[in-house]
Structure formats: C-alpha cells, structure tokens
1. For the stretch 17-71, what is the accessible area per residue in Å² when the probe is 1.4 Å?
2. Ignoring ligands, DNA and RNA, please state the percent of accessible area on the stretch 28-103 from carbon and sulfur, probe 1.4 Å.
3. Order R100, R65, most accessible first, counting only protein heavy atoms with a 1.4 angstrom probe.
4. Kindly report, to the nearest 10 Å², the accessible surface of R123 as traced by a 1.4 Å probe over protein heavy atoms only.
5. What length, rounded to one decimal in nm, is gained on full extension from E14 through to R40, with 0.36 nm per residue of separation minus their alpha-carbon distance?
6. In Å and on Cα atoms, what radius of gyration and Dmax does the stretch 1-107 show?
7. Amide H neighbours of E94 under 5 Å, at least 5 residues apart or on other chains, H built in the peptide plane: list them.
Amino acid sequence: MADREEFSLADYDETIRIVLDSGGEFTIYPKGTSMLPLIRQGRDSVTLAKPSAPLKRGDIAFYLRDNGQYVLHRVVGTGGGRYTMCGDNQTVPEKGIEPRQIIGAAVKINRDGKPVQDRFSYRIYKLLWHGFFIRRVFLKLGRIFSRERVKTGDRTNGSD
C-alpha cells in the first residue's frame with residue numbers, strides 16, 4: 001500500500017464541502033474501528049458524494065457531530081427529520097443526527113483498490129448487519145474468542 005500523508009479533516013472541511021456541493025466525489029481513508037468488519041483502517045477507502053435524496057436505512061454517512069468530531073457511520077433509523085446512526089462495530093445507536101450535520105454519503109467502498117459494494121457478500125452483510133440482534137451476537141462472540149486467545153497464549157493478530 002502506498003504511503004499517504006495524514007491530515008486533519010477539519011483543515012479540509014471547506015474543500016470537501018465545495019467538492020461535494022459541486023457534484024464531485026471525495027475519497028477518504030477512515031481511521032478507527034467503529035465500522036469493522038466492513039471498513040479497516042489502513043486498508044480501505046471510502047468515496048463520498050453529496051446525497052441527492054434523504055438518506056435511508058443502510059446508507060453510510062459522513063457527518064460532523066456538534067462537538068466537532070467527524071464520523072463515518074451507518075444509518076440505522078430515520079424519523080422526525082433526523083437520523084439514528086451506528087458504527088457496524090457498535091451496538092449503541094446515536095440518535096438525533098440532523099440533515100445539516102451530514103457532509104456526504106458513501107458511494108464507493110474500496111478494499112485494496114477494488115469496490116466492495118458490488119460484491120454479493122456485501123449485499124448479504126448489509127442485509128444481516130441491520131439487525132442489532134445479529135450484530136450483538138457476532139460482536140459478543142468476537143469478544144469471547146478474543147479473550148480465549150489471550151488466555152491460551154495465542155497472540156496472532158488475526159489480520160489478513
């Protein structure tokens with residue numbers, strides 16, 4: 001993977017908005033673990049565009065929290081003109097996200113330079129991951145097996 005210069009999104013907020021508002025696309029390389037297992041830091045990129053219609057359940061939005069933090073999470077609910085968001089690796093939704101906070105929506109997710117959203121496996125993942133029950137079970141099992149590996153001394157990092 002080619003080296004990329006890291007920068008603060010706040011420094012480029014205006015540029016990102018100008019590009020998206022003019023109909024262009026902007027690619028980011030997300031950091032963090034909130035969108036695992038779908039989006040992995042250091043491997044995946046997300047291309048954003050300005051939504052042409054209100055977001056719907058299952059869409060991935062890039063938004064700005066009132067505290068100034070930039071977030072990339074999935075829409076898990078809508079109502080009252082607001083959105084409920086949650087990272088794929090989380091079980092506690094964030095309610096009350098207003099349309100004014102939405103900067104862009106994911107139109108492409110690339111893993112190793114190849115689109116993910118065109119894959120059949122992604123469509124199945126997206127369908128199943130909507131349900132918090134399945135998400136909670138999967139994440140709980142992941143934590144249990146992670147603890148078991150540590151107890152038994154298996155220190156592999158589990159990366160591809």
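1. Result: 52 Å² per residue.
2. Of all accessible area on the stretch 28-103, carbon and sulfur atoms account for 49 percent.
3. Ranking R100, R65 by accessible area, largest first, yields R100, R65.
4. 130
5. 6.8 nm
6. 13.4, 44
7. M85, C86
The values are calculated or read from the model by the stated rules, or taken from the named source; none is laboratory data. Since the model is a prediction, treat every value here as computed from it, not as a measurement. Surface accessibility is based on the protein's heavy atoms, side chains included, excluding ligands, DNA and RNA. Shrake-Rupley method; radii C 1.70, N 1.55, O 1.52, S 1.80 Å.
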